[in-house]
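The values are calculated or read from the model by the stated rules, or taken from the named source; none is laboratory data. Not measured: the values here are computed from a predicted model. Every residue, glycine among them, receives a Cβ derived from its backbone with ideal geometry; neighbour counts consider all protein chains shown.
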Amino acid sequence: MLHIHLLGIPQIFAGDAPLPLPAPPKAFLLWAYLLLRRARPVPREQLTYVIWSDVSESEARANLRRHLHLLRKQLPAPPQDADWILATRSTLQWNPDGAYWLDVALLDRFVGETASEEEWTAVVDCYRGDLLAGFYDDWVLTERERLRQRYIHLLEQRIALQKAGGDLRGAIHTTQRLLARDPLREEPYRYLMELYYRVGDRAAALREFERCQTLLRVELETEPMPETLSLRDAIRDGVALEPVTPAPSPAKSPPVPAPPLHQPANRRPRWLLVGALLLLLSLVGLFTAGVLPPNLALQPITVSISGPDAVQDTWIDKENSDLPYDPDEPGQILKAFYPQVHLMFFGYPYDRVLVRFDLTQLPSDAKVRQAVFDIHLADYINEDLPEPLPATVSIFRILRPWQAEAATFNFPWSQPGLAAGVDYDERPLGSHSFHSGTWISVDVTDLAQEWLAHPDRNQGLMLMLTEAPQGAHYWVDTTDYPIPNRRPRLDLTYTR
C-alpha cells in the first residue's frame, strides 16, 4: 500500500517504510498535479502549459515525456501489474483504482455532518501543514489556499459540533489547531475565551484576550472588535453566558466511500461484536451486584495513550527563543504541530522536546502497575552530516506548567531552556546512548501513578541530548507524525 502525504512537507511511504520523493523536482510536481486531479484524465497540453510554462511548446512536450519516464522509474512497482499512471496519446491520469492512500483525498471527500468521532480524528490529523510545503508554483498556491480554506471550514464545523455536544475541552483543542493555521483571525481567540470561561478557567480566558489584543496591535496595528471587548468584559465581571444549544441527532445516511484500500480478510461478523459487548455489560452488572468474585477487578488492563487527542508535545530551540513558530516558514505553523522536530548538540544541549500525556480518561481509582514511555528518534542526514553521530538522550520530569501552543525556549520558564530543580527535575528518569535512529523507552510507573492521583502535577517529560560530538543531530517523531505507530506513546497497565 502506497501512502502519499502532500499536506505539509511531502512524504511517501510503502507500508511503514519511507521512500524518497521523485526527482528532479519537476517530476515530483508532475506527480502531485496528477494526484490532485486524480478524478479524470488530464490533457498533456495542460500539463506542459502548467508545469513548463517558461519554455517553448516543443521543449515542454519533450520535458513531459522525459519526466514521466523518470517518475515511473522511481515509483514502487504497482500491485497486480496495474500501472500507477494511465496514459493515452493525449492524456495522463493517476490510476483511481490503485492501491494507495492520499491525505488530500481524505480531506476532499469528508462529510462532517455524518462523520464518526474516528473519522473526525483522521481528517483533522491528516492536515500536517499547507499543501506541498516548500513549493511555490502558481498552481500550487491556488490549490494550497483552496485546501487551507477547506480545512479551516472543517475545524470551525468541528468546534461547533463539539461545543453543542458538551465536549468543551475537545473544542478548546480544536480551536487551538484552528489558530495554528489561521493565527491572524480574531474569531478563534473569541472561541477560546468563551470555551475557557465555560469550563471555569477565567484566567485562561482573559489570557487569550491579552494574546489576541497584543497580536492585533503588533501585526495589524488595530484593536479588538467590539464583540471581543464585550466578551472580555462579561468574563471579567463574571456574567453568565447564554446556555449552549444541544446538537441535534445526526441523520442516518450511507457512509462516504473510502479511497480504494485493501480490506482485512478476516473481518468478524457484526453479531459476534454485539454479543461480546452484551457479555461485557452482563459481567459488569454481575460484578456490581457482588455475584462475581472480587479478584475479577484485579485483572490488569493495558492501554496505549497516543495521538493528538491525548498527547501534547512541542519543540523549543535557542534560535527563535521567544516564538512558538519559525518566522521564516510560510504560514508560521506552530511547532506544536510539526510532524518531526529536532534534537541537536553543539557543545551543549541546543534544544528541548516537551511531551505530556492526558490521563484524565483513566479511572480515578486506577492503580498503575506499569507505565512505559516510548518515543522514536530518526537519523538526520544532509551534506554536512552524511552519517549519524553517537549521542546520549536523557529524559527529565517537567515541574512547571506549560502549554504546547505557547511554550518557547524562554517562556514560561524561570530561565531560558528550563532551570534545573525549578522548571524540571535534574535527576534523569533515564539516559540512553545510541548511534543511529532508535526507539527510546523509559519506565515511568511511579510518575504515572502520581500524575493520576494528582493531575495538577502532570507537566510531562522533557528530552534533550546530554552527550554527543559537536553537530550531532536527530529527528524526533511527534504526535502529529503521519504514521501512528511512530508517534510517542505511553503504554500503561493498571488495575482497579
Selection from region 125-139 of residues in a helix (DSSP H, G or I) and surrounded by fewer than 19 Cβ atoms within 10 Å (Cβ to Cβ) yields ASP138, TRP139
Kindly list the number of the only condition in (1) on the phi > 0 side of the Ramachandran plot; (2) crowded, with 18+ Cβ neighbours inside 10 Å that fails for LEU334.
(1)
Based on what the data block shows, is ARG148 crowded, with 16+ Cβ neighbours inside 10 Å and outside any helix (DSSP H, G or I)?
no
Of everything in region 398-411, what is buried (at least 16 other Cβ atoms within 10 Å of the Cβ) and closer than 19 Å to ALA310 by Cβ? Give them in sequence order.
ILE398, TRP402, GLN403, ALA404, GLU405, ALA407
Conditions first: (1) closer than 29 Å to ALA17 by Cα; (2) assigned to a loop (DSSP other than H, G, I, E, B). VAL393 passes all but one, so which condition is the exception?
(2)
Suppose we keep only residues that are among the acidic types (Asp, Glu) and free of Cβ contacts under 8 Å to residues at least 24 places away in the same chain within region 375-388. Which one would you say is surrounded by the fewest Cβ atoms within 10 Å (Cβ to Cβ)?
GLU383
Within region 343-374, residues buried (at least 16 other Cβ atoms within 10 Å of the Cβ) and closer than 17 Å to SER321 by Cα come out as LEU343, MET344, PHE345, PRO349, TYR350, ASP351, ARG352, VAL353, LEU354
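Every residue, every condition in (1) in a loop (DSSP other than H, G, I, E, B); (2) in the same structural domain as VAL393 (by TED's automatic domain parsing); (3) not polar (S, T, N, Q), yes or no:
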position	(1), (2), (3)
GLY417	yes, yes, yes
LEU447	no, yes, yes
GLN459	yes, yes, no
VAL476	no, yes, yes
Is it the case, given these coordinates, that LEU492 is at pLDDT 95 or above and in contact with a helix residue (DSSP H, G or I) (Cβ under 9 Å, 6 or more places away or on another chain)?
no
Test for ALA27: is it of a type in the set (Gly, Ala, Ser) and surrounded by 15 or more Cβ atoms within 10 Å (Cβ to Cβ)
yes
Taking into account only those residues within region 452-486 that are under 30 Å from GLN299 (Cβ atoms) and either in contact with a His (Cβ under 8 Å, 6 or more places away or on another chain) or of a type in the set (A, V, I, L, M) (or both), which is surrounded by the fewest Cβ atoms within 10 Å (Cβ to Cβ)?
ALA453
Check off (1) surrounded by 12 or more Cβ atoms within 10 Å (Cβ to Cβ); (2) among the aliphatic types (A, V, I, L, M); (3) within 28 Å of ASP130 (Cα to Cα) for ALA39 and give me the number that stays unchecked.
(1)
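Condition check ((1) at pLDDT below 60; (2) over 30 Å from GLY98 (Cβ atoms); (3) out of contact with any Pro (no Cβ under 7 Å at 6 or more places or on another chain); (4) of a type outside the set (A, V, I, L, M, F, W, C)) across all residues:
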residue: ALA258; (1), (2), (3), (4): yes, no, yes, no
residue: TRP271; (1), (2), (3), (4): yes, yes, yes, no
residue: VAL303; (1), (2), (3), (4): no, yes, yes, no
residue: GLN340; (1), (2), (3), (4): no, no, yes, yes
residue: ASP351; (1), (2), (3), (4): no, yes, yes, yes
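Residues are listed down the side, and each one gets a yes or a no for (1) in contact with an Asp or Glu (Cβ under 6 Å, 6 or more places away or on another chain); (2) in a strand (DSSP E or B); (3) farther than 21 Å from THR438 by Cα:
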residue	(1), (2), (3)
GLU319	no, no, yes
PRO327	no, no, yes
LEU343	no, yes, no
VAL355	yes, yes, no
ARG369	no, yes, yes
HIS376	yes, yes, no
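Do you know which residues across region 125-134 are hydrophobic (A, V, I, L, M, F, W, C), more than 14 Å from LEU35 (Cα to Cα) and either under 14 Å from the mean Cα position of the chain (by Cα) or modelled with pLDDT of 90 or more (or both)?
Step one: filter region 125-134 for residues hydrophobic (A, V, I, L, M, F, W, C), giving 126, 131-133.
Cutting the leftovers down to more than 14 Å from LEU35 (Cα to Cα) gives us 126, 133.
The one that is hydrophobic (A, V, I, L, M, F, W, C), more than 14 Å from LEU35 (Cα to Cα) and either under 14 Å from the mean Cα position of the chain (by Cα) or modelled with pLDDT of 90 or more (or both): CYS126.
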